[in-house]
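One structure is given below, encoded as structure tokens.
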Amino acid sequence: MEKVLVTGALGQIGSELTMTLRDIYGSANVIATDIRSTESDVVHSGPFEVLDVTDEKALFHTAKKHGVDTIIHLAALLSAKAEASPMLAWNLNMGGLVNALEAARLLDCQLFTPSSIGAFGPSTPKAGTPQDTIQRPTTMYGVNKVAGELLCDYYFQKYHVDTRSLRFPGLISYKTPPGGGTTDYAVEIYYEAIKRKRYTSYIAEGTYLDMMYMPDALTAIVALMEADPTRLVHRNAFNVSAMSVEPEQIAAFIRKKIPEFVMDYQVDPVRQAIAESWPDQLDCSCAREEWGFEPAYNLENMTEDMLTKIESSLSVNQ
Ligand code: AKB
């Protein structure tokens, strides 16, 4: 990676990844794009362009104009939003990806795009979910992710486009909130713990899902993209996770810092059904063996960091 185009750069992953890439590769070498512009570090700290990824020509010309060698394609709808608007999800998630792949093919770029635990479904083994296993998701988001994995493999095999991807679990971060995902509760809980000392979870007690702290996700993206291709047996996409947790476990770790924190439940049937269709805990051994995946954060040190960072950012903004 020397010169990178990021789509969806103002989203949860993009807003942090863009800044990390600018630190590593230089601000001028990371071109951030999104469907909208905002007053933000991403927009002001380096090149930024408004870009609709469903516009094939605009995506191609933006990548060509900047002479990039890598496309990090993040623009997509998350699971709950995709379930509410399946056709919009199909058009954006699949249309955007194929446009990014075509630009990568024509301009000889490396390409990263995230897959998800959503690429699995109810018939997938729930515990120790293997790297290569049944993928029959029951959500539009999951259908998009499986199709996306296959499409990326197709572009690698047929056109030798250097495509690489990670199956992200719920990503927990304190800088930019996620929007429209099933795992968003695991971010909201920390904000509500600081602001109100209580949280009503829309995911039921006892529902285990894989999670990872954003710094580990950013490190993983860079490590995978810089990995020696001869070591990669897999490409699209690697299982990655740092913890398998249910809501009450997060609450218990929050209570170590905020003893008066209270959590109750008002289960949202749509997001609960999505969560129940996903694995409880992924097997990440291929990511460890093929490119050295090693997350630094577990539930304990992530919770400490989240609470400290949210507290200081809320007090600065008061
Ligand atoms: C979502 O909940 O939709 C995402 C994901 C796990 O892909 N966070």
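Among the conditions (1) crowded, with 17+ Cβ neighbours inside 10 Å; (2) within 13 Å of the ligand (Cβ to nearest atom), Asn99 misses just one, which is (2). In summary, Ala204 fulfils each of the numbered conditions (1) more than 21 Å from the chain's Cα centre (by Cα); (2) closer than 16 Å to Val240 by Cβ; (3) among the small types (Gly, Ala, Ser) with the single exception of condition (2). When the stretch 77-91 is filtered for residues that are part of a helix (DSSP H, G or I) and either more than 9 Å from the ligand (Cβ to nearest atom) or touching a Pro at 6+ places or on another chain (Cβ under 7 Å) (or both), the ones remaining, listed by number, are Glu83, Ala84, Pro86, Met87, Leu88, Ala89, Trp90, Asn91.
Does Glu188 meet the test of being under 15 Å from Asn298 (Cα atoms) and surrounded by 15 or more Cβ atoms within 10 Å (Cβ to Cβ)? The answer is no for Glu188.
For (1) surrounded by 22 or more Cβ atoms within 10 Å (Cβ to Cβ); (2) within 16 Å of the ligand (Cβ to nearest atom), each residue gets a yes or a no:
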| residue | (1), (2) |
| --- | --- |
| Thr139 | yes, yes |
| Ala147 | no, yes |
| Leu150 | no, no |
| Tyr154 | no, no |
| Arg164 | yes, no |
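The strands (runs of 3 or more DSSP E) found wholly in the stretch 123-188 and carrying at least 2 residues that are in contact with an Asp or Glu (Cβ under 8 Å, 6 or more places away or on another chain) and touching a residue at least 12 places away in the same chain (Cβ under 8 Å) occupy 127-129.
Those helices (runs of 4 or more DSSP H) of the stretch 261-318 in which 2 or more residues are open to solvent by less than 80 Å² (accessible area, probe 1.4 Å) and under 20 Å from Pro125 (Cβ atoms) occupy 269-277, 285-291. Assess whether Lys257 counts as being surrounded by fewer than 22 Cβ atoms within 10 Å (Cβ to Cβ) and at positive phi. When the stated conditions are applied, Lys257 does not pass them. Does Asp52 qualify as being away from the ligand (no atom under 16 Å from the Cβ), part of a loop (DSSP other than H, G, I, E, B), open to solvent by 50 Å² or more (accessible area, probe 1.4 Å) and within 25 Å of Leu21 (Cβ to Cβ)? Yes, satisfied. Of all the criteria given as (1) touching a strand residue (DSSP E or B) at 6+ places or on another chain (Cβ under 9 Å); (2) open to solvent by 10 Å² or more (accessible area, probe 1.4 Å), the one not satisfied by Asp132 is (1). For the stretch 108-122, the criterion of being of a type in the set (A, V, I, L, M) and open to solvent by 40 Å² or more (accessible area, probe 1.4 Å) is met by none of the residues. Scanning the stretch 210-232 turns up no residue that is surrounded by fewer than 16 Cβ atoms within 10 Å (Cβ to Cβ), part of a helix (DSSP H, G or I), touching an Asp or Glu at 6+ places or on another chain (Cβ under 9 Å) and outside the structural domain of Thr70 (by TED's automatic domain parsing).
The values are calculated or read from the model by the stated rules, or taken from the named source; none is laboratory data. Everything quoted here is computed from the prediction, not taken from an experiment. Glycine also receives a Cβ, built like all others from the backbone with ideal geometry; neighbour counts cover every protein chain displayed. For the accessible areas, the whole protein counts, side chains as well, though only heavy atoms, and no ligand, DNA or RNA atoms are used. Shrake-Rupley method; radii C 1.70, N 1.55, O 1.52, S 1.80 Å.
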